[in-house]
Amino acid sequence: MPQPFDGNSEKEILRSKIMGMGDASLKKSYYTQLQEHVINLEKSRIETEESFKRAEANKNLFIALFNQASDGIIVVDVDSGKFKFCNKAFTDMFDYHSDNPLLSFNLVLPIEDAENLENALKKMASGEIRFLNNVVIHKNDGGIVYADISGSAVEIESIKYVLAVFRDMTGARKLEIEKAEFASKLNQAQKMEAIGTLAGGVAHDFNNIIGGIMGLAEISLDETQGNVELQDNLNQIIKACKRARDITTQLLAITYKTEKKYEPVSFNEIIRDSVVLLKATLPAGVSIRVTESAKEDTVLADHAGISQIIMNLCTNSAHAMNYSGEICIKTRNADVDECLMQKNPDLLPGQHFLLEVSDTGCGISKEIVDRIFEPFFTTKEKGKGTGLGLSIIHGIVKNHGGVISVYSEEGLGTTFRIFFPISQQHRKMSETENLSETLTAADADILLVDDEEVLVKVGEKILEKMGNRVVSFTSPLEALAYFENNCNTFDAVVTDMAMPKMNGLQLAKKFTTLEKKFR
Amino acid sequence: MIEYSPISLRKFVAPEFLFGSEAISMLSRYIKNLGVKKILLVTDPGIVKAGWVSVVEKQIKDSGISHVLFSGISPNPRDDEVMIGSEIYQKESCDMIVAVGGGSPMDCAKGIGIVCINKKHISEFEGVDKIPLPGPPLVCIPTTSGTSADISQFSIILDSARKVKMAIVSKILVPDAALIDPVTLSTMDAKLTAETGMDALVHAFEAYVSNASSPITDLNALRAVELIRNNLVEMIKSGGKGEHADNMMLGSLLAGLAFSNASLGIVHAMAHALGGFLDLSHGECNAILLEHAVNYNYESIPGKYNDLAKAMGIDINGMTYTQIKNALTESIAELRYKSGIRHGFSALGLKKEEIPLLALYALSDACIVTNPREAAKSDIEELYAAAF
């Protein structure tokens, strides 16, 4: 229901308002709204300013992160090939140092590589591929960058781009190659050692067997007394045995466990002596040039072994050059550091004598270069080479704590490099007298020890034939037991060196403690 | 009764207005000067049909501004129509309103403006000075010579649930500009010309005798009465064109300036009640009621009514108050009759038993406050009965 006005006062107030006398009675005015609007504008201005500052800070953060990233990052318009962004790591990767921004691949790469990369990025834009590993990128300056690339499509301000990340794998790749080389060398060394051990072991046993055959043949020869045919047969046996012994002796040189006595020698001197001999034996077409740069040349070595190395290498070189050309022998000192040790796992740190023998011969093909140190490996015609030369050298070098390596280019030539550790010991000024003299003993009591029964038999016969009395053992322990009780009986002891349970040296020491005579 | 001296404190508020032929063609300049982006054009189907909307749309187009048309308005504009218009305004991101038509579109446009800025239902603004914030820029183009909503601080909106016409009164409702072009009157039919003309006469009468009147409003009111009395019938005869129409437009404007500042009285209070209850034509109700209201009010303020009698062309020399009152009511009745309004409320569907309720509504209308005579419910019931 409508409510009539309540009394005169209410009516009077209303009338006053109608006349425009009320508190809120104003003509239409936008001032209040404008004021509010101005406040809002100011607020929004401050907000805009703050958001601008935040955006600026974000931008700076982005740029910092972008440029601090260790991977090269680019954002490329795939259609035009133009870069939108590219970070510092990327420009560093391709050595682009300029105040101008890097705009495209064309500025840093040869055309072909630039095109290849653009094509790869197009595939990444279409989602066809996501990763591209082990990419080889040639730089204009001739350098190479190995990179792993990952990329995907991105849309910035309605334009499609590719975001690509370049991870520089050059260092890692080089390390990988070095590792592989190292592993291959290690593998080769292990293989050589195994072959050496095998050959040495076989040779040792063969030597014993041949020693027995030859000894018995020689004894039998003495007893043939006019049987010419038998003498002839026995001489053939002895001749064959000598040939077999030569081979086993060479084989023994391959093994690393020979216990030769090394003494300080002058490497340069041995080279000089060997070259004199070589010049006399090699055909006139082969010349030898020696460059001695090594001032320190004292090595702890077996004179004959070193000589053999030089002779073998030069003979090989002459053959490789078809007996016409120059062999270069160079020597210098080399300080083996960690870098060199990484490349040659067998090298020890310190001063080394480095021997280089180079020729301009046919070279060695890559396929076989890893096998040249293997025994019986030869490229020569059947019957013209034993295939032992280089494996013997390898064995000798190894025994001297040295390292041998080969560098060869097929058709250009080959260089062998041999490292020998320099010895600080002083060389003997003059060769000592040859102590080896023929012992002639007769009418003596001799204790003979050898684990090879055949050799014991041969020894017995020889010694007895010389007029001695011989007591023999195949076991050093049994021999020792016997000697303990009868030490006064013997004038001399003849013992084999390599024997199971106790070697010759140990046995000899025991004897000397038991009997003063043997000291 | 309190007599007011000319130096009583008064306020006079009017919008910037352009009066005269071709005023309508100045619209594009107003739009440009306001620097707005999109206009809500508020009108009613009759104005669209009359062709004035396309004239206005051309002006808007010339200004290079887009607009959206809202013409879903009833003769007595309803609250839901205001809310729909406000939704369109906000949805279309408008920032200005142009109203073209009679009182209905203009009152509705005022309502739309305050609703979309204050974000409240239109009924929340019922009463005087209840609007916190002004609406967007509003330019009104009247096409009738009666309502004067284009310059007034009033907006009358039908509360469809309560069936009551809400009077929303505030200086904030005064439009930013009115483009008053008499040419627009040419499309009114005789009935509408009569009703709106009589409405303008009532505006002038009630403003002049209002207890909130002032010398400034009086000046406008009296001149308005003279112009209407001398031109209404001739204007109807001439089909809304020519000098009579021009004068009627001026009379309506002056009456508007008067009532917008001095407010109205018992006629409008009663007409609002009727209009809300029976959805009758506002001008027609006013026309039927005026002579009875004069008869009722005369004794409370005879001096002012005598001025009005003179303005109506009555020579009051030697006449007694009663003679003057009778002559005045007769002259009003004559003008009403000549205008073609010749019936009472029974002919419009009013039932006698509805009168007490209508009287209550009239007593709660803001316009009753400024009536020169304090009216009792029974007085109003008698007045409705007299006009039955």
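The values are calculated or read from the model by the stated rules, or taken from the named source; none is laboratory data. Just so it is clear, the model here is predicted, and its values are computed rather than measured. With ideal geometry, Cβ positions are generated from the backbone for all residues, glycine too; neighbour counts draw on all protein chains shown.
The lone criterion from (1) of a type outside the set (D, E, K, R); (2) in contact with a Pro (Cβ under 7 Å, 6 or more places away or on another chain); (3) in contact (Cβ under 8 Å) with a residue 24 or more places away in the chain left unmet by B:Y321 is number (3).
Pick out the one residue from A:D141, A:D205 that is in a helix (DSSP H, G or I), of a type in the set (D, E) and at pLDDT below 85.
A:D205
Counting the residues of segment A:257-288 that are among the hydroxyl-bearing types (S, T, Y) and without any contact (Cβ under 8 Å) to a residue 60 or more places away in the chain gives 3. Does segment B:330-380 hold any residues that are farther than 16 Å from B:G275 by Cα, more than 21 Å from the chain's Cα centre (by Cα), within 14 Å of another protein chain (Cβ to nearest Cβ) and not aliphatic (A, V, I, L, M), and which are they? B:R373, B:E374, B:K377, B:S378, B:D379, listed by residue number. Would you pick out the residues in segment B:239-275 that are in a helix (DSSP H, G or I) and hydroxyl-bearing (S, T, Y)? The answer is B:S252, B:S260.
Is there a residue in segment A:6-23 that is of a type in the set (A, V, I, L, M) and more than 30 Å from B:G111 (Cα to Cα)? Scanning segment A:6-23, I find no residue that is of a type in the set (A, V, I, L, M) and more than 30 Å from B:G111 (Cα to Cα), so the answer is no. You will find that of B:I24, B:I7, the residue that is away from every other protein chain (no Cβ under 14 Å), hydrophobic (A, V, I, L, M, F, W, C) and more than 30 Å from B:Y298 (Cα to Cα) is B:I24 and no other.
Just one of B:I112, B:I168 is within 14 Å of chain A (Cβ to nearest Cβ) and either not in a strand (DSSP E or B) or not small (G, A, S) (or both); which is it?
So the residue among B:I112, B:I168 that is within 14 Å of chain A (Cβ to nearest Cβ) and either not in a strand (DSSP E or B) or not small (G, A, S) (or both) is B:I168.
Kindly provide the set of residues from segment B:309-329 that are loosely packed, with under 14 Cβ neighbours inside 10 Å and part of a helix (DSSP H, G or I), ordered by number. Passing the criteria: B:T322, B:Q323.
Return yes when A:S80 is under 18 Å from A:Y161 (Cα atoms), exposed (fewer than 14 other Cβ atoms within 10 Å of the Cβ) and of a type in the set (S, T, N, Q) and no when it is not. It is true that A:S80 is under 18 Å from A:Y161 (Cα atoms), exposed (fewer than 14 other Cβ atoms within 10 Å of the Cβ) and of a type in the set (S, T, N, Q). Restricting attention to segment A:2-27 and to residues that are among the polar types (S, T, N, Q) and surrounded by 12 or more Cβ atoms within 10 Å (Cβ to Cβ), the residue that is nearest to the other protein chains (Cβ to nearest Cβ) turns out to be A:S25. Is there any pair with a first residue in segment B:352-365 that is crowded, with 21+ Cβ neighbours inside 10 Å and a second that is of a type in the set (S, T, N, Q) whose Cβ atoms are under 9 Å apart and which are 6 or more apart or on different chains, and what are they? Sorted first by the residue in segment B:352-365, then by its partner, the pairs are B:A359/B:S378; B:L363/A:Q3.
Kindly provide the set of residues from segment B:152-164 that are within 12 Å of chain A (Cβ to nearest Cβ) and either out of contact with any strand residue (DSSP E or B) (no Cβ under 7 Å at 6 or more places or on another chain) or buried (at least 24 other Cβ atoms within 10 Å of the Cβ) (or both), ordered by number. Correct list: B:S152, B:Q153, B:F154, B:R162, B:K163, B:V164. Out of A:A120, A:A153, A:A125, A:A114, which single residue is modelled with pLDDT of 90 or more and in contact with a Gly (Cβ under 9 Å, 6 or more places away or on another chain)? One residue alone meets the criteria, A:A153. Please find, among A:T291, A:T224, the residue that is free of Cβ contacts under 8 Å to residues at least 40 places away in the same chain, of a type in the set (S, T, Y), outside the structural domain of A:P500 (by TED's automatic domain parsing) and surrounded by fewer than 17 Cβ atoms within 10 Å (Cβ to Cβ). Checking each option against the conditions leaves just A:T224. Inspect segment B:115-124 for any residue being in a helix (DSSP H, G or I), at pLDDT below 95, at the interface with chain A (Cβ under 10 Å from one of its Cβ atoms) and on the phi < 0 side of the Ramachandran plot and give the result as yes or no. Among the residues of segment B:115-124, at least one is in a helix (DSSP H, G or I), at pLDDT below 95, at the interface with chain A (Cβ under 10 Å from one of its Cβ atoms) and on the phi < 0 side of the Ramachandran plot, which makes the answer yes.
If you check A:K43, A:K11, A:K27, A:K59 for being at negative phi, touching a helix residue (DSSP H, G or I) at 6+ places or on another chain (Cβ under 9 Å), at pLDDT 85 or above and of a type in the set (K, R), only one passes: A:K11. For segment B:255-270, filtered to residues that are touching a Ser or Thr at 6+ places or on another chain (Cβ under 8 Å) and aliphatic (A, V, I, L, M), the residue that is nearest to the other protein chains (Cβ to nearest Cβ) is B:A262. Flag not set for B:A273, criterion: crowded, with 23+ Cβ neighbours inside 10 Å, within 14 Å of another protein chain (Cβ to nearest Cβ), in contact (Cβ under 8 Å) with a residue 40 or more places away in the chain and in contact with a strand residue (DSSP E or B) (Cβ under 6 Å, 6 or more places away or on another chain). What about B:M319, is it at pLDDT 95 or above and within 14 Å of chain A (Cβ to nearest Cβ)? When the stated conditions are applied, B:M319 does not pass them. For segment B:355-368, does any single residue satisfy the condition of being touching a strand residue (DSSP E or B) at 6+ places or on another chain (Cβ under 8 Å) and not in a helix (DSSP H, G or I)? Yes - at least one qualifying residue is present in segment B:355-368.
Listed here are the residues, each with its yes/no results for (1) buried (at least 24 other Cβ atoms within 10 Å of the Cβ); (2) within 16 Å of B:A14 (Cα to Cα); (3) in contact (Cβ under 8 Å) with a residue 40 or more places away in the chain.
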| position | (1), (2), (3) |
| --- | --- |
| B:H203 | yes, yes, yes |
| B:S210 | yes, no, yes |
| B:S214 | no, yes, yes |
| B:N220 | yes, yes, no |
| B:L227 | yes, no, no |
| B:L232 | yes, no, yes |
| B:K237 | no, no, no |
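Residues that are assigned to a helix (DSSP H, G or I), closer than 21 Å to B:S54 by Cα and either in contact (Cβ under 8 Å) with a residue 12 or more places away in the chain or within 12 Å of another protein chain (Cβ to nearest Cβ) (or both) do not occur anywhere in segment B:127-149.
In segment A:355-404, the qualifying residues are those that are more than 23 Å from A:I247 (Cβ to Cβ) and small (G, A, S), and the one that is nearest to the chain's Cα centre (by Cα) is A:G402.
A search for C-beta distances below 7 Å between a residue of segment B:92-111 that is assigned by TED's automatic domain parsing to the domain that holds B:V53 and any residue that is of a type in the set (K, R), counting only pairs 6+ apart in sequence or on different chains, returns B:E92/B:K38; B:S93/B:K38; B:C94/B:K38; B:D95/B:K37; B:D95/B:K38.
For segment A:490-504, filtered to residues that are closer than 24 Å to A:K461 by Cα and loosely packed, with under 13 Cβ neighbours inside 10 Å, the residue that is modelled with the lowest pLDDT is A:P500.
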